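The values are calculated or read from the model by the stated rules, or taken from the named source; none is laboratory data. From a predicted model like this one, the values you see are computed outputs, not experimental measurements. Note that each Cβ is placed from the backbone with ideal geometry, even for glycine, and that neighbours are counted across all protein chains shown.
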Amino acid sequence: MSKVVKKEKKLPVRQCLGCNEHKLKTELLRVVRSPEGEISLDFTGKKSGRGAYICRDVKCLRRAGKSLRIDRTLNCTVPPEVYDAMEKELEADGNK
């Protein structure tokens with residue numbers, strides 16, 4: 001008689017660049033720099049490109065933007081207009 005041992009599946013954890021808390025990847029929002037250099041929010045977590053993670057909170061986005069942590073993580077300079085667009089998109093997603 002052999003026992004079948006089931007392995008528990010490990011859930012991916014990422015750190016928010018705004019509040020520095022470690023959370024499940026599914027709870028966070030991904031900011032992506034595409035191979036073409038376009039920066040956008042990835043609500044699905046599946047877009048191709050370099051990613052940075054933040055909480056689904058405008059405060060965390062502002063904090064990460066103010067400290068330039070997203071810029072450093074994505075290895076590029078993010079213009080203020082992009083931050084404004086991401087804030088509006090995040091606020092619109094919160095209202096759904």
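Return yes or no: is Glu81 exposed (fewer than 12 other Cβ atoms within 10 Å of the Cβ) and free of Cβ contacts under 8 Å to residues at least 12 places away in the same chain? I'd like the intermediate steps shown before the answer.
Values: exposed (fewer than 12 other Cβ atoms within 10 Å of the Cβ): yes; free of Cβ contacts under 8 Å to residues at least 12 places away in the same chain: yes.
Yes.
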Original post:
What are the residues in region 1-58 that are among the charged types (D, E, K, R) and assigned to a strand (DSSP E or B), if any?
Top reply: Arg14, Lys23, Arg30, Arg33, Asp42, Arg50
Subject >> Of residues in region 1-55 being without any contact (Cβ under 8 Å) to a residue 40 or more places away in the chain and touching a helix residue (DSSP H, G or I) at 6+ places or on another chain (Cβ under 7 Å), the one surrounded by the fewest Cβ atoms within 10 Å (Cβ to Cβ) >> reply: Pro12
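Could you please let me know if Ala64 is aliphatic (A, V, I, L, M) and either in contact with a Ser or Thr (Cβ under 9 Å, 6 or more places away or on another chain) or assigned to a loop (DSSP other than H, G, I, E, B) (or both)?
yes
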Original post:
What residue, among those in region 16-50 that are of a type in the set (Asp, Glu) and at pLDDT below 95, is nearest to Asp71 (Cα to Cα)?
Top reply: Glu38
Original post:
So Leu61 clears everything in (1) surrounded by fewer than 16 Cβ atoms within 10 Å (Cβ to Cβ); (2) more than 23 Å from Lys10 (Cβ to Cβ); (3) within 12 Å of the chain's Cα centre (by Cα) except one condition, right? Which one?
Top reply: (1)
Original post:
Hey, among the residues in region 67-78 that are in contact with a helix residue (DSSP H, G or I) (Cβ under 8 Å, 6 or more places away or on another chain) and part of a loop (DSSP other than H, G, I, E, B), which one's nearest to Ala92 (Cα to Cα)?
Top reply: Val78
